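Enquirer: I'd like to ask some things about the structure below.
The values are calculated or read from the model by the stated rules, or taken from the named source; none is laboratory data. Note that this is a predicted model, so its numbers are computed, not measured. Note: ideal-geometry Cβ built from the backbone for every residue, glycine included; neighbour counts use all protein chains shown.
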Amino acid sequence: MMSFAVEVDGRGRVTIPKRLRDSLRIGRKVRMKVEGRRIIIEPIEDPLDELTDLVRGSKLSSDRAGEIGRAASEQLLREARR
């Protein structure tokens, strides 16, 4: 089991150490749950990461890619709220 002590900044943010992000394949979004006095952070598969890889190799216009990205982000947020 890995254990890390991290600081909370003035805005309440923490940085997940890179080694942990890499080992858990944490992308741009996570789900946070509270259980008692514990905060559970779980990776969420982010379709935007996959979309970004696809767009890099395609001929989509940047406007269309942005539109698709916004739609995917909205869907991801809806799923994270469940």
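Enquirer: Suppose we filter the range 22-54 for residues that are charged (D, E, K, R) and either at pLDDT 90 or above or in contact with a strand residue (DSSP E or B) (Cβ under 7 Å, 6 or more places away or on another chain) (or both); how many remain?
Expert: Matching residues across the range 22-54 total 7.
Enquirer: May I ask you to list the residues in the range 26-46 that are closer than 22 Å to SER73 by Cβ and surrounded by fewer than 10 Cβ atoms within 10 Å (Cβ to Cβ)?
Expert: Listed by number, the residues that qualify are MET32, LYS33.
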